[in-house]
Amino acid sequence: MILEARPVGIFTQEFSIEAEGQEIALLDSSSWRVAGAISIGDHIYRLYREGLRSGAFFLEYEGQVVARAVKPSAFSSQFDIELYHHRYSLTRASVFGRGFAVLQGEVVVGSIRPARMFTRRTIIDLPPDWAIPFQVFVFWLVLVAWKRAAATAVVGVTGT
């Protein structure tokens, strides 16, 4: 099932996660820290990074880590993800676009990409057997990469 993430407001980091036009989850990503929460009905999943500027990224439910991701390099937008006791890579699909591909080994198993150019609406096309919290966790990692790229671009423009 393909999901769509729609920003709740213009300047917010809150996204409605929808399937076939129905909201199934809400992602509230912090604007200031690498943290957030996923709400699915009465269930709350916590998203956070181990340290302020380094360390692993976690998806936690009721005090238990259920998914983990690490960046092999601070200079790369790639994440190595552990889900269901399997390893995946989340990496930019192209040097020029904002889309990301999810690979298991060398095989592309999914993607996360903007719905259109110049929009924050996002298409989440991941394996249908992945639980919704895991799919939203991977989308959150893409948001982290997009925020970092935007911050780097601003520093590059203002720093010259």
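Quick note: the coordinates plus some simple rules give every number you see, no bench work behind them. Note that the structure is predicted; figures quoted are calculated from it, not measured. Please note: Cβ atoms are built from the backbone with ideal geometry, for glycine as well, and neighbour counts cover all protein chains shown.
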Determine the dipole magnitude for the stretch 70-136: charges of +1 sit on the beta-carbon of Lys and Arg, -1 on that of Asp and Glu, nothing else is charged, the reference point is the Cα centre, and the result goes in debye to the nearest 20.
440
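Lys and Arg at +1, Asp and Glu at -1: add these up for the other residues within a Cβ distance under 11 Å of Ser16 and post the number. Mind showing how you got there, number by number?
Numbers: positive: Arg6, Arg121; negative: Glu4, Glu14, Glu18, Glu23, Asp28.
Neighbourhood net charge equals -3.
Report relative contact order for the chain in percent, whole number only (criteria: Cα-Cα under 8 Å, sequence separation at least 6).
Numbers: 288 pairs, mean separation 24.8, N = 160.
Relative contact order comes out at 15 percent.
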Can you give me the distance in nm between label points at Thr119 and Glu23, each placed 7 Å from the Cα along the Cα-to-Cβ direction?
1.9
√(5λ) per eigenvalue of the Cα gyration tensor, the stretch 3-158, largest first, Å:
21, 19, 17
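What is the calculated FRET efficiency for Arg46 to Val108, with r their C-beta to C-beta distance and R₀ = 30 Å, to the nearest 0.05?
On the way: r = 29 Å, r/R0 = 0.97.
Once rounded, the FRET efficiency stands at 0.55.
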Along the Cα-to-C-beta direction of Phe75, a point sits 7 Å from the Cα; which residues of the stretch 90-104 have their amide N less than 20 Å from that point?
90-96
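For a Förster distance of 25 Å, can you work out the FRET efficiency between the beta-carbons of Glu62 and Lys147, rounded to the nearest 0.05?
Values: r = 27 Å, r/R0 = 1.09.
With a Förster radius of 25 Å, E is 0.35.
At 222 nm, what helix-only mean residue ellipticity would the chain give, in deg cm²/dmol to the nearest 500, using -39500 (n - 2.57) for each DSSP H run of four or more? Spell out each step's value before the answer.
Details: 1 runs with 27 residues, N = 160.
Roughly -6000 deg cm²/dmol at 222 nm, from the helical runs in the chain.
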